[in-house]
1. State in Å² the accessible area per residue of the range 68-200; use a 1.4 Å probe, count heavy atoms of protein chains only, and round to the nearest integer.
2. Which lysines have a Cα less than 28 Å from the Cα of LYS194, not counting those fewer than 8 places away in the same chain?
3. What does the charge add up to near LYS90, with Lys and Arg as +1, Asp and Glu as -1, over the other residues with Cβ less than 14 Å from its Cβ?
4. Counting only protein heavy atoms, what percent of the accessible surface of the range 45-186 is carbon or sulfur at a 1.4 Å probe?
5. Can you give the Rg to Rh ratio of the range 99-218, both from alpha-carbon atoms, with Rh computed by the Kirkwood formula?
6. Pop out the ³J(HN,Hα) list for the range 169-186 in order, Karplus 6.51 cos²θ - 1.76 cosθ + 1.60 with θ = phi - 60°, rounded to Hz; leave Gly and Pro as x.
7. Would you check the accessible area of GLU242, probe 1.4 Å, heavy atoms only, in square angstrom rounded to 10?
8. Only Lys, Arg, Asp and Glu count, each charged at its Cβ (+1, +1, -1, -1), so figure out the dipole size of the range 97-153 about its Cα centre, rounded to 20 debye.
Amino acid sequence: MSSTQARSEMSRLNVIRLLAFILLILPATSGAQQGTPTAEQVAKTYGLDSFGKIEAIRYTWNAELPGVQLSHRWEWSPKTDTVSYEGKDKEGKLVKVSYQRAQLGSQSDAIKNEIDPAFANDQYWLLLPFHVVWDGATVTDEGMQKLPLSDASAQRVVVKYPSEGGYQPGDTWDLYVGADKRIVEIAYHHGANKPPKLVIATWADHKTAGPLLVATDHRGSFDGKPLRVSISDVSVKVTGSENWINAQ
């Protein structure tokens, strides 16, 4: 093969590789972009464009249901996907662990089956606006509709996850968005192959932690039972600084 033919063959292979790469990313990209102008505006309102500056996030997730109180303290480093957890196990004993999610398969059953699923759940309450654009879910704008918990109205954005894959297969989140592009209320519907579950909650008491905006108070119901989820002790560490910035 001549040098000219070799170059031509390499060029052809590069084009094939590029097309293959595009085909791989198109489904996720098109799903993430379909009908999402409002969702993207909401994510930007909560600090999406500055998320790359975040080196670490600390927060405590608290939940109150009739007869049940839970508290999980987390520290997450997004760039390395390293998680530190502090909370109580089923027997009430204090548990402290750190792990990398990329190495989840080598972790204990408690981390794989209890702690990491709890991390995924709790993080949605903290960073839901980002997950809407990160996850590749199908997003549609349903226009102005009545809020689930009051007679007021807001723009309803429906986020539908596919029936397979991820932590939220088949789940649906209804986001009710105000004129300021902040979430006002949410309705969460459990998805495929799971018992029915409906969570309705406010998205309130917004605070700023560095470049991020977070809602720290969520009051509503879990399958008709009173529910309150609160996010406390939120702080972030940004690139170029060793200091933690507390939410205010």
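The values are calculated or read from the model by the stated rules, or taken from the named source; none is laboratory data. This one's a predicted model, so the numbers in the text were calculated from it and none came from an experiment. Backbone-built Cβ (ideal geometry, glycine too); neighbour counts: all protein chains shown. Just so you know, the surface numbers come from the protein's heavy atoms only, side chains and all, with ligands and any DNA or RNA stripped out. Shrake-Rupley method; radii C 1.70, N 1.55, O 1.52, S 1.80 Å.
1. Working: 6770 Å² over 133 residues.
Result: 51 Å² of accessible area for each residue.
2. The qualifying lysines are LYS88, LYS90, LYS112, LYS146, LYS160, LYS225.
3. Values: positive: LYS88, LYS93; negative: ASP89, GLU91, ASP109, GLU114.
Overall, the nearby charge balance is -2.
4. Numbers: 3350 of 6950 Å².
With neighbouring chains kept in place, the figure for the range 45-186 is 48 percent.
5. Values: Rg = 15.6 Å, Rh = 15.7 Å.
Rg/Rh for the range 99-218 comes to 1.00.
6. 3J(HN,Hα) across the range 169-186, in whole Hz: x, x, 6, 10, 10, 9, 9, 10, 10, x, 4, 7, 6, 9, 5, 9, 8, 9.
7. GLU242 has an accessible surface of roughly 150 Å² with all protein chains in place.
8. Numbers: 3 positive and 8 negative charges, 27 e Å.
Charge dipole, the range 97-153, about its Cα centre: 120 debye, nearest 20.
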